[in-house]
Each structure stands twice: as structure tokens, then as C-alpha cells.
Amino acid sequence: MQASTSLDGEPVTLVTEKAEPKFERQISMSTLKDEFCDPDNPKQIQFEDISAAAYKIRDGVMKTPCTRSRLSGLLGVNLFFKKEFLQFTGSFKERGARYTLMMLPQEQKEKGVVAASAGNHALALSYHGKELNIPITVVMPKIAPLMKVQACRSYGAHVIVTGKDISESREYAMKLGKQEGLRYINGYDHPHILAGQGTVGLEILEQVPDLDACIIPVGGAGLIAGAALAIKSLKPSVQIIGVESETCPSFAEALKAGKPVYTSTTSTLADGTLKAGKMISTLADGLAVPTVGVNAFVTAAPLIDKMVVVEEQSIALAILRLIELEKAVVEGAGATGLAAIIQGMLPELSGKKVVVILCGGNIDTTCLGRVIERGLAADGRLVRFVVTVSDRPGGITELARTISKMGISLKDMYHERAWIKSDIFSVQVKCVVETRDAEQSKELEQVLREKYDHVVWGPVH
Ligand SMILES: Cc1ncc(COP(=O)(O)O)c(C=O)c1O
């Protein structure tokens, strides 16, 4: 820390970064085993671990509401939302983080812990570390949203931003932990993390005792491992459904292989095909874990009835529905459960009592704006078309009048003359309009097709 003076003369304190530690050469990856997450000796957690966690964290983590959704009628499902996005740092990760910190031996509580995370695990550890007076170091990749980096700093964590992706950050964090005696806390596989996340399952059973199914998003699988164990132990008839994003179906791949395997992330190209890649952006960034946890896998695999994979555009639509109808701001990963129902992946749930965990709400405001637009497009309310009209005076005005007479809002308009091949007195007009619903978009298409010879509807590549 350093004393300084602000522009208006008030003394201020500048928080300076600690210099990043240099590593001794002998720390190699082979010595960097996480003893709590050993692929050769995976640990299946037990129901008693979850009840112990529930008792320990009862005063430090919020019991979030689990309420019936207004979307029930629209979707034909008796739908309940477990609102974990209402936790203080915006996600369920607080449950596991607090329990793991509370269970550390005293000496380790004094030394502190280290973790690698781009978001919610880092926020949860930073906040509860401050609450419990345990030093926290988080290593965040360069792609981590600035808002989350700043929030971790504001909770007093030592934040190191390094690594082009989470695996580089993890390697750095593990080396640092080894060198400085800080315990490394895996955010989806440490046994205490799984037990802590399981407490959400106990609450769900208490809040909706007669549920038929629970839909749970899956990243590294810590949440589904804990929550499924809690629910199935007390009510084995409940269907447990896991959801992943199409960009990273690592749990589905692990089930096929019988063990966690590396799954490269993919992105959807404009023509609908999938492209493999290393660093793919997805709306569900919290679920983009290429290899699921070893303890999480052995605990969760026997308890899951069905796994589904959702498309990015369904996630955008789910986020939009939650804002419009539920007044809830939920991040992509947190909205995948609803996306699975919207996408029609779970017809067997029709008329059933279903709990969907809305597990996080940390979405950047800039990202939210774009997601809303994509959601409107996926819903058929934001449409794009090209129409060729007369370039004589009044031609374009006539088109604008037709649109406005239907009560449709014109968002964007672009004229092109040089490249069109039809008669010289015509102009191609590219429009983006916002309609009331998909039905009104259809009506507009019909009106324009009746009026004009050349109408190209939808995305134009
Ligand atoms: C909002 C949100 N939902 C779901 C998950 C997935 O949890 P897990 O990695 O335990 O499967 C995460 C993980 O970071 C998350 O942040």
C-alpha cells in the first residue's frame, strides 16, 4: 500500500499489485498433482458430507427462494426456479467455497489458499475468505471479465491475471501454491466443494418436496454431483437431468468413455456446422470445462438419468425469457436448464413438477445487450430482410410507410444500388425490424411478398 493525494487534496490509499512470484526451476508439472483430485484414486462423496456442510454453512450462505415460475403455463411444465443467482456474489459457488474454507486445518487457514478461475469460484472464495479472515489468491486468465477481476480485488483477494486460458492460469496457480504453501482449491472437484454444492439439493427437497425432476447445469460437474447425491439419497424417484452447452459436452463424452476425458470446445459456424477450437466463446462460459472432475464424475455418473446438450441460441432465448417474464438477470450457464425445455429436449416433463437451478447471474452488461438482441432474433421478433423497391421518389418512403402502418419498428435500413442487376431505377433495401411476435413477422413477410417482386427473408450470407 502507498499513501498519495487525490486531485481535490484528500489523502487516498493506492493499492499496488504484489510482484508476481518467480518460480524455482524444479517445480515441474509432474510434481503438480492435486492430492484432493487424484485420477488414480477418485473419491465418491457421501450424503453425510453434504449434511455436515449444510450445518456448517447455514449462517454464512443464503437459503435462496425456490418459487413457481410464470413460464409454467407457456411451457406446459409445472416449473420452479431455484434462484441461486441471488447469492451475494451472484452464484451457488459460495456454498462449496465457504465449506471448503471452513474445513481447512488452522495452519492452512493462516497461510491461505489459491485457486484458478475466470469468475464465480474466484468471486465466492474472495468474498468468503474476507468473511472468514483467510488469505485468498486467485489466478484469473486474461480473458476474465474486468468486472469480476475488480470485484475479487474489492473483497481483498490477491488477484493475479495471467494465462491465455484457464488451463494456463491453473498451472500457474498450482506452481504458486506449491512454492508458497497455499492449498490449491479446485472449484468443481475438491470433495468439500462437492459437499458444499450439495446443500442446494437439500434446500430444493425442503422447498418443493414433491418434485418429479431437477435440471442441473454441468461444467466440471461439482454442482450436479453434490445436488444429485442430496436429492437421490432422500427421494430416489426424482429424475436428475444434466445440461451442457453444445460448445463443450465434456460430461457426455466422459459418460461414453467411462472416465473424464479431454473434450475440445467447438463453435457453431454460420452454416450450422461445428468447428473445433481451443478458445471458443460461449454464452455459458461457466460450463466450458474441457475435462470434468474425477471425484465429481464418480459421484455424479451413477445418479444422472439423462444428459442433454443445448444450442447457443436457445441459451440466448432463455436469458431473454427470464428477463421479460421472471424479472431475473441470469448468466448463460445459469439459463441452460430453461434453454433445454425451450429447445424441446425434454418432452417427457410435460405436466410434471420440475425444479430448474438458475445457478448464476454474473453477466457483463455489454454482453447482456448483445444477448437480448440474439434472443429477440431467435424468438422471431427481430428480423432481417432485403427487398428491392423503386428508386424513383417515394419508393423507399412507401416501404417505410407499409412497415409503420403495421405498428412495426424499423431499427436499421441500408440502401444498395451499385451491385444490383435488376432495372436501373430500383434500389435494394436491407432492413432490420422489431415486431410484436413471430406471428406479426410472418404477416409482414406476406404483405411484402404481395407488394414486391424481390424479397429475401431472414439472414443473408
Ligand atoms: C453459473 C454457473 N453455473 C453452473 C456452473 C457449473 O458448475 P460445475 O462446474 O460445478 O459443474 C458454473 C461453474 O462455474 C457456473 O458458474
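The values are calculated or read from the model by the stated rules, or taken from the named source; none is laboratory data. Keep in mind that this is a model prediction, so the values were computed, not measured. Positions of Cβ are generated from backbone atoms using ideal geometry, with glycine treated the same way; all protein chains shown enter the neighbour counts. Just the protein is used for accessible areas: all its heavy atoms, side chains included, with ligands, DNA and RNA removed. Shrake-Rupley method; radii C 1.70, N 1.55, O 1.52, S 1.80 Å.
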Report the residue count in the stretch 200-220 for those that are away from the ligand (no atom under 13 Å from the Cβ) and touching a residue at least 40 places away in the same chain (Cβ under 8 Å).
10
Looking only at the stretch 343-374, which residues are more than 16 Å from the ligand (Cβ to nearest atom) and surrounded by 24 or more Cβ atoms within 10 Å (Cβ to Cβ)?
V354
Per-region count, the stretch 289-342, residues within 14 Å of the ligand (Cβ to nearest atom) and part of a loop (DSSP other than H, G, I, E, B)
10
If you go through the stretch 102-131 one residue at a time, how many are in a helix (DSSP H, G or I), under 26 Å from A227 (Cα atoms) and either in contact (Cβ under 8 Å) with a residue 60 or more places away in the chain or under 21 Å from the mean Cα position of the chain (by Cα) (or both)?
10
In the stretch 421-447, what residues are within 13 Å of D391 (Cβ to Cβ) and exposed (fewer than 15 other Cβ atoms within 10 Å of the Cβ)?
S422, D423, I424, F425
Leading residue by the ranking (nearest to S169 (Cα to Cα)) among those in the stretch 179-197 that are within 12 Å of the ligand (Cβ to nearest atom) and in contact with a Leu (Cβ under 9 Å, 6 or more places away or on another chain)
G187
Restricting to the stretch 79-99, what's the tally of residues that are of a type outside the set (A, V, I, L, M, F, W, C) and outside any helix (DSSP H, G or I)?
6
Has the stretch 214-224 got any residue that is surrounded by fewer than 24 Cβ atoms within 10 Å (Cβ to Cβ) and not in a strand (DSSP E or B)?
no
Matching residues in the stretch 225-269 - criterion: being in a helix (DSSP H, G or I) and open to solvent by 30 Å² or more (accessible area, probe 1.4 Å)
K232, S233, L234, E253, L255, K256, A257
Find all pairs meeting these conditions: Cβ atoms under 8 angstrom apart; at least six residues apart or on different chains; first residue within the stretch 55-66 and in contact (Cβ under 8 Å) with a residue 60 or more places away in the chain; second residue open to solvent by less than 100 Å² (accessible area, probe 1.4 Å) and assigned to a loop (DSSP other than H, G, I, E, B).
V61/Q87; T64/Q87; C66/V208
Before we move on, is G198 under 18 Å from F297 (Cβ atoms) and assigned to a helix (DSSP H, G or I)?
yes
Residue among E203, E246 that is under 24 Å from the mean Cα position of the chain (by Cα) and either modelled with pLDDT under 95 or of a type in the set (A, V, I, L, M) (or both):
E246
What number of residues within the stretch 380-391 are closer than 20 Å to L325 by Cβ and open to solvent by 30 Å² or more (accessible area, probe 1.4 Å)?
2
Tell me the residue from S126, S91 that is more than 13 Å from the ligand (Cβ to nearest atom), at pLDDT 95 or above and of a type in the set (G, A, S), please.
S126
Quickly run through the stretch 448-461 and pick out the residues that are open to solvent by 50 Å² or more (accessible area, probe 1.4 Å) and either free of Cβ contacts under 8 Å to residues at least 12 places away in the same chain or more than 16 Å from G395 (Cα to Cα) (or both).
R449, E450, V456, W457, P459, V460, H461
Does V159 satisfy the condition of being over 30 Å from I215 (Cβ atoms), touching a strand residue (DSSP E or B) at 6+ places or on another chain (Cβ under 7 Å), open to solvent by less than 10 Å² (accessible area, probe 1.4 Å) and not basic (K, R)?
yes
Looking across the stretch 359-409 at residues that are acidic (D, E) and assigned to a loop (DSSP other than H, G, I, E, B), the single one that is modelled with the lowest pLDDT is D364
